[in-house]
1. Quick check on the exposure proxy: order 33, 220 from fewest to most C-beta atoms within 10 angstrom.
2. Calculate how steeply helix 160-170 sits against the longest principal axis of the alpha-carbon atoms of the chain, using the helix alpha-carbon long axis, and give the answer as 0 to 90 degrees to the nearest 10.
3. By how many degrees, 0 to 90 and rounded to 10, does the Cα axis of helix 37-46 deviate from the longest principal axis of the chain?
4. Using 0.36 nm per residue of separation minus the Cα-Cα distance, give me the extension gain between residue 18 and residue 68 in nm, one decimal.
5. Which of 46, 66, 150 moves the most in a Gaussian network model of the chain with Cα springs under 10 Å?
6. Springs between alpha-carbon pairs under 10 angstrom, Gaussian network model over the chain: which of 63, 93, 26 fluctuates most?
7. Give me the percent relative contact order of the chain, please, defined on Cα pairs under 8 angstrom at least 6 residues apart.
8. Spin-label point model (7 Å from Cα, Cβ direction): what's the residue 207 to residue 45 distance in nm?
């Protein structure tokens, strides 16, 4: 897989940028680099990448702002890296749409493992486009357009983290989903680090669903996990 994997590294620290690029290149990946948000936009305009490694604390436009400007439905997986490694910063990063988050300094082997996992998961999803629009009850979820439509016809604005969590529940077609699976779906690789993010995302998602008649749409099975009140099916 690595020989055809294209990774874009955006970091204003030249030494970290070079060391990370050398390590990933040494493991067969094709790597492009940039020092800031303008380089990010230019690189994505010029070509496609399988993943992005994006520094948060960059001079000028920071990584979170840059991430928020990328179209959700048409961008590669993003791993945020930052010297800010507390739970709040990690949750914000995932909430803003990152697929994963690593605190600096990080072990390059861990970055490599996470990149491989993200790219593999993304390719498996792209290889099976069938059933990317789901219906459950009177709700409709378009996974390609990142759009959730309520029974009243309203399009509900979800953050990437909220959307991934709902999609993980939908794809199980009414079956119980444990926290580990939800953590993986929303970007967390370590349950003890990201456990709080699931609570935050679930609370916000439930409030948004409740505003459109979906108060009991997500059920909690204490000690086991969560499930949708309706068994989802691919749209006709």
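1. The most exposed by this proxy come first: 220, 33.
2. So the inclination is approximately 50 degrees.
3. 80
4. Working: separation 50, 0.36 × 50 = 18.00 nm, distance 2.54 nm.
So the chain would gain 15.5 nm between residue 18 and residue 68.
5. Of 46, 66, 150, the most mobile in the Gaussian network model is 46.
6. In this elastic network of the chain, the residue with the biggest mean-square fluctuation among 63, 93, 26 is 26.
7. Value for the chain: 16 percent.
8. Going from the residue 207 label point to the residue 45 one covers 3.7 nm.
All of the numbers you see were taken from the coordinates with simple rules; none came from a lab. Please read all numbers here as calculations on a predicted model, not as lab measurements. Positions of Cβ are backbone-derived with ideal geometry, glycine not excepted, and every protein chain shown enters the neighbour counts.
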